[in-house]
């Protein structure tokens with residue numbers, strides 16, 4: 001074999017090795033999935049949620065906004081897109097690949113939304129008005145969790161209860177009730193059990209409950225401090241309302 005031939009073969013081998021190293025891993029996806037507009041959306045009363053077992057997962061009457069929040073692990077204030085994503089509801093039934101785990105579902109859902117609804121997004125960082133969650137001057141008034149306790153949280157209008165939660169996770173939960181994102185700047189580590197009730201909007205005069213800010217300080221020893229903070233944003237570039245054929 002001539003020297004030029006050897007050089008060409010060597011170059012091809014190098015290129016093949018480089019391609020093998022840089023080729024992206026395939027996106028995880030459901031083995032089979034059906035997505036269709038929900039028939040129960042738009043009534044005065046409806047239920048929604050998710051069910052999972054090792055063989056199949058189902059999502060019922062989920063708004064496109066909630067599907068995106070779950071798929072990308074973001075909060076509502078981090079998403080910028082058309083207003084209708086909160087008004088379009090879908091049902092999804094999907095067969096899980098063999099040995100798949102529940103924590104892989106968000107990545108599989110991202111693939112499904114890209115394939116069936118042509119969802120295209122990108123991320124940006126922007127400075128937004130926010131609240132810093134800090135320790136109030138009177139000190140913390142929260143109880144540490146019992147060792148080995150499993151994290152659990154429930155919330156409603158003017159109500160939030162959490163077990164074995166970190167203050168970082170608690171701050172994220174508060175972001176859904178405050179008028180701006182909440183970021184944890186307490187510097188406090190560990191897990192805690194806490195319960196909080198507060199008046200929604202201007203109802204504290206009739207409901208005999210304090211405002212969110214007052215409740216936080218009086219019951220938990222925490223305070224919301226207005227600030228501006230960089231927030232990671234998920235920008236929706238394109239998405240279809242009608243799913244493509246299953």
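Just so it is clear, none of the values below were taken in a lab; they were calculated from the coordinates. Quick caveat, the model's predicted, so the values are computed rather than measured. Cβ atoms come from the backbone with ideal geometry, glycine included; neighbour counts cover every protein chain shown.
So here's what we get for this one:
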quantity: Additional length obtainable on full extension of the chain from residue 208 to residue 95, 0.36 nm per residue less Cα span; calculated: 35.8 nm
quantity: Calculated FRET value between residue 242 and residue 147, using beta carbons and R₀ = 41 Å, to 0.05; calculated: 0.20
quantity: Pairwise Cα inverse-distance average, inverted: Kirkwood Rh of region 143-236 (Å); calculated: 14.3
quantity: Extension gain, residue 73 back to residue 235 (0.36 nm per residue minus Cα-Cα distance, nm); calculated: 57.0 nm
quantity: Residue 87 versus residue 197: modelled label distance in nm, points set 7 Å from Cα along the beta carbon direction; calculated: 3.6
quantity: Near-label residues of region 127-167 by backbone N, under 18 Å of a point 7 Å along Cα→Cβ of residue 225; calculated: 128-141, 167
quantity: Segments 95-106, 61-72 sorted - mean Cβ within 10 Å per residue, highest first; calculated: 61-72, 95-106
